[in-house]
Amino acid sequence: MVEYLIRRLGLMVPTALLVTMGVFALIHLTPGDPATVILAESYTPEAAAAIDRDLGLDKPLPQQYLLYMGRLLHGDLGHSVRNKLPVTQAIGERLPATIELGIAALLWSLLVAIPLGTLAALRRGRALDFVASGLTVAGISVPNFVLGILLILFFGLLLRVLPVGGFAALTDSVPDNLSRLVMPAIALGTFGAATNMRFTRSSMIEVLNQDYIRTARAKGAGWWRVVNRHALKNALIPVVTIVGLQVGAILEGALVTETVFSWPGVGKLAVESIFSKDFPVVQGIVLMAALAFMFANLLVDLVYAWLDPRISYS
Amino acid sequence: MRRAGVLIAVALLLSACGGGGGGTTSGTSNGTPKMGGTLKVSQETEINGLDPNTSGLVVEREIYYNLYDSLLGIDAKLNFVPELATSWKFTDDKTLVLTLRKDVKFQDGTDFNADAVKFNLDRYMTSTDPAAARKSDLASVQSVAVQDPATVVLHLKRADATLLATLVDRAGMMLSPTAVRTLGTKLPTAPEGAGSGPFQFVEWKRDDHLTLKKNPNYWRKDKAGRQLPYLDQVIYRPITDLNATLAALKTGDVDMARVVAGKDVASVKADSTLVYKDTPSLGYGGFVLNHSVPPFNDPAKAKAVALAVDRAQILKNVGFGIGVVSTGPITSASWAFDSSEKIYDKPDPDKAKSTATGFSFTLKTANTQDSIQTGQLIQAQLAKAGITVNLLPEEFGKLTLETRVQHQFEASLQGWSGRIDPDGNMYAFWHTGGSFNDGLYSNPQVDQLLEQGRATTDQAKRKQIYQDAQKIIVGDAAYVFTTNPAVPQITNKKVQGFTLIPDGINRLAEVWKS
């Protein structure tokens, strides 16, 4: 197990390196330059040249990359072009909001998906199954920003039961924080909920047809006990795989959801940084997201072993 | 103002500054102002920082004007009014004497005086920060001398009538020298005690909110002798999504917004809980023609394009009718406005055809919906005069680079947010070698008039000079003016007493909530 962990962690290094290269190349391929954006209404060619010098943009691209990697090895992700904040600080300030939103979205997706998916499998071909399948199609088809706007319209404007956006720190007010969390978490988590529900349903159907389920039933075990103790744990293995991949989808969805709900997280920071050509921040965020994705999937692999003792990593 | 300006996309002007034509210029006040309360203001983007020295965003100015005081102020008609300077006088072409207010202290207790003015102006002029933006604003100033604690003398390198307008904006904003020295690198993020304005800095949580609280020692009082400001607190919230802005306004999550999407203006006007107001802005939209390359090195072809464009159609279809058709760089908000100037008021494809036809050119636009739609309208309009337009939408940064720096374009859709002094809307754009003369337009007569405008201090004479220059610029189609957007303001019914100023900045000292 330890050996496996070390091997997996070791593999992350070249992957992260490739990510830095890819992001660096992509960001420098995008048109436009930071000086234009920074200077905005005060642009002069001289001032732009000074900014390029200051940011090292006047150097050849490979040299810029080596300098960036040199700093990265010392834990320095550079400084924001926009407001000169260290990138680690800029991301660090926003991370708690995104983690909170991400966890809430993931919880929403699982709390909806597992019970509904299980019920749909148990009531296969009946009304509940059709309703659940319909909801799944809707959840997968509606983009999170559209769902976000619909939620704002319905709960924010029409019913006026939830605030339409913004953020309140948990330390300031728990009810205020939670009331502002509900809609973005639903908007962000619904796609995952729908996907997870489909997987739970099909996986559950497959497991329920297995011999050992029939054996358990024949031995007189009740339905609830069979489903809960024998079927669900095995049916969840493919769902766990999907949840690991969903960490990526949640990070991606946070870009739009946080913007729609003015949620001051890393996603909103990424969008603003892209628009203002704040490339050190964009690089930092992509690197962080890539690492988060890799760790989430490592965690998933480890959870497999817990769910299914036949899986061994030694 | 002599500031080297920058371009912004017509799309931004139209969508970001969308407002209705012919609106009111001042807010209503129902009864006696009520003291106290918190005003929540939505901003369309997050700010970068709070130091006027490195500021380039309009949303930053919105906060600065409530945090810092400038040497001079302006009223709704753009007349200069006393602020930290009680009077000002050009004793000769190159000497400006400012008499300062004596009863002002910065929020950290430091006295405001001539030494503070010298400190601030010297700081702006000698800043080594690569993002320093005030240096070019104050390029005409040779030196600043302290005559006595309440008198400061600006010695100029050359005559510069636009300097007064410069001192209204960020280059004239005064910060406490003590605070600037002690805060150091913290100044752009937490300028505690640095201002002398109606509100003082409390906290800034980036991307979430920025809070200002009442400055209890503010030097201004209202007409009835009550201490200003009325409000206890102002909270700015960056809401980048315009749908979310509108929702926040409707639910009372914010009290005030400067921007809603053009498409939403009608519904805002129809909403009985909201108040929509606007006033003509100082900015303009349109497209620049490159006069140094074919086809527009032929003046007839440039004129044919200007003749064939249907400005009213663009205003109606893209701008939702908010604003007015543009007749030139001097808008109706300016003291130099010329209501008789209507060279290309109505489209005339027949006259265009007889001037020049059968040629084609590429029009570069930003890759935003509004810009592309504007381009498509122009394409269809010019087709009627036998002129073929190839549209090339580009990322805004690339478009700006190719237009402004490399001059690699035939026509480029670019707008301007506008400046208080007509010089700021003209000199950099159409003086030979001007820093924003993207189309490389050159006309000795225009150069002479624009120089004259800078060297003349008499406003009546300046008005004539700029109107003469405008006639030539518009006539030559140095730039094809299409629309003048309006400066809007959307509030809920509780917000009282604000005055809309054509520079689009809300001064909140006299705003209150009922």
Averaging over every viewing direction, what projected area does the convex hull of the Cα atoms of segment A:31-76 cover, in nm²? 3.8 nm²
Could you give the size of the charge dipole of the protein assembly as shown about its Cα centre, using +1 on the Cβ of each K and R and -1 on the Cβ of each D and E, expressed in debye and rounded to the nearest 20? 2100 debye
With contacts defined as alpha carbon pairs under 8 Å and 6 or more residues apart, what's the relative contact order of segment A:30-169 in percent? 8 percent
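In Å², what does the accessible area per residue of segment A:31-76 work out to with a 1.4 Å probe?
Values: 2340 Å² over 46 residues.
Result: 51 Å² of accessible area for each residue.
Given R₀ = 56 Å, what would the calculated FRET efficiency be for residue B:232 paired with residue B:293, taking r from the Cβ atoms and rounding to 0.05? Write out the running numbers ahead of the final one.
On the way: r = 58 Å, r/R0 = 1.04.
The calculated FRET efficiency here is 0.45.
Could you work out the mean count of beta carbons from other protein chains within 10 Å of each residue's beta carbon in B:205-212? Write out the running numbers ahead of the final one.
Numbers: counts 4, 11, 13, 12, 5, 0, 0, 0.
If you average over the peptide's residues, the count of other-chain Cβ atoms is 6.
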Filtering chain A for DSSP H helices with an axial alpha carbon extent of at least 27 Å and a Kyte-Doolittle mean of at least 0.0 returns A:2-29, A:87-122, A:174-208, A:232-260, A:279-307
Please list, by residue number, everything in segment B:351-370 whose backbone N is under 17 Å from a paramagnetic label point 7 Å out along Cα→Cβ of residue B:380. B:369-370
HN-Hα J in Hz across segment B:162-174 - Karplus 6.51, -1.76, 1.60, θ = phi - 60°, x for Gly and Pro: 7, 4, 4, 5, 4, 6, 7, 8, 4, 5, x, 7, 9
Taking a virtual spin label 7 Å from the Cα of residue B:223 along the C-beta vector, which residues in segment B:474-514 bring their backbone nitrogen under 17 Å of it? B:496-500, B:509-512
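With 31 Å as the limit, write out which pairs from B:40/B:186; B:77/B:105; B:118/B:186; B:303/B:461; B:213/B:494; B:269/B:364 have Cα-Cα distances beyond it, or answer none. Spell out each step's value before the answer.
On the way: B:40/B:186 25 Å; B:77/B:105 29 Å; B:118/B:186 22 Å; B:303/B:461 29 Å; B:213/B:494 19 Å; B:269/B:364 34 Å.
Beyond 31 Å: B:269/B:364.
Antiparallel as a % of all DSSP beta bridges within chain B, to the nearest 5? Could the numbers behind the result be given before it?
Working: 57 of 74 bridges.
The antiparallel proportion sits near 75 percent.
Rounded to the nearest percent, how much of the accessible area of the protein assembly as shown (1.4 Å probe, protein heavy atoms only) is carbon and sulfur? Please list the in-between numbers first.
Details: 19940 of 33090 Å².
With neighbouring chains kept in place, the figure for the protein assembly as shown is 60 percent.
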If you count only protein heavy atoms with a 1.4 Å probe, what accessible area per residue comes out for chain B, rounded to a whole Å²? 34 Å²
Expected field for residue A:1, accessible surface area in Å² at 1.4 Å probe radius, rounded to 10, holds 100 Å²
First measure r as the distance between the Cβ atoms of residue A:58 and residue B:451, then evaluate 1/(1 + (r/R0)^6) with R0 = 56 Å and state the FRET efficiency to the nearest 0.05. 0.95
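Calculate how many DSSP beta bridges within the protein assembly as shown are antiparallel, expressed in % of all such bridges and rounded to the nearest 5.
Numbers: 58 of 75 bridges.
Approximately 75 percent, going by the DSSP bridge assignments.
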Given the options A:51, B:429, B:397, identify the residue whose Cα lies farthest towards the positive end of the charge dipole of the protein assembly as shown (+1 on Cβ of Lys, Arg; -1 on Cβ of Asp, Glu). B:397
Structure-based [θ]222 nm, the protein assembly as shown - -39500 (n - 2.57) summed over DSSP H runs of at least 4, per residue, nearest 500: -14500 deg cm²/dmol
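Show me the three semi-axes of the equivalent ellipsoid for chain A, from the C-alpha gyration tensor (sqrt of 5 times each eigenvalue), largest first, rounded to whole Å.
They are 43, 26, 15 Å, listed largest first.
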What are the residues whose amide H is under 5 Å from the amide H of residue B:73, where those residues sit 5 or more places off or on another chain and H is modelled from the backbone? B:81, B:83
Enter the mean number of other protein chain beta carbons within 10 Å of the beta carbon of each residue in A:28-39, as an integer. 5
Per residue, how large is the accessible surface of segment A:91-307? Use a 1.4 angstrom probe and give square angstrom. 46 Å²
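Taking each residue of B:397-410 in turn, how many C-beta atoms of other protein chains fall within 10 Å of its C-beta, and what is the average? Before the final figure, lay out the partial values.
Details: counts 11, 5, 3, 7, 6, 1, 0, 4, 6, 0, 0, 0, 0, 0.
The per-residue average across the peptide is 3.
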Two-decimal log10 I(q)/I(0) for the protein assembly as shown, as the Debye equation yields it once each C-alpha is a single scatterer, q = 0.07 Å⁻¹: -0.60
Using a 1.4 angstrom probe and counting only protein chains, how large is the accessible area of residue B:153 in Å², to 10? 10 Å²
Probe 1.4 Å, protein heavy atoms only: B and A together bury a total accessible area in Å², to the nearest 100, of 3300 Å²
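Quick check: with the 1.4 Å probe, what order do A:71, A:94 take by accessible area, largest first? Provide the component values of the computation, followed by the final result.
Values: A:71 105, A:94 10 Å².
Largest accessible area first, the residues go A:71, A:94.
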Accessible-area loss of at least 30 Å² (1.4 Å probe, chain alone to full protein assembly) applies in segment B:50-64 to B:56
At 1.4 Å probe size, put B:377, B:212 in order of accessible surface, largest to smallest. B:377, B:212
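The values are calculated or read from the model by the stated rules, or taken from the named source; none is laboratory data. If you're wondering where the values come from, they're calculated on a predicted model, not measured in any experiment. Cβ: placed from backbone, ideal geometry, glycine included. Neighbour counts: every protein chain shown. The protein model used for the area step is the full one, side chains on, heavy atoms only, and it has no ligands, DNA or RNA in it. Shrake-Rupley method; radii C 1.70, N 1.55, O 1.52, S 1.80 Å.
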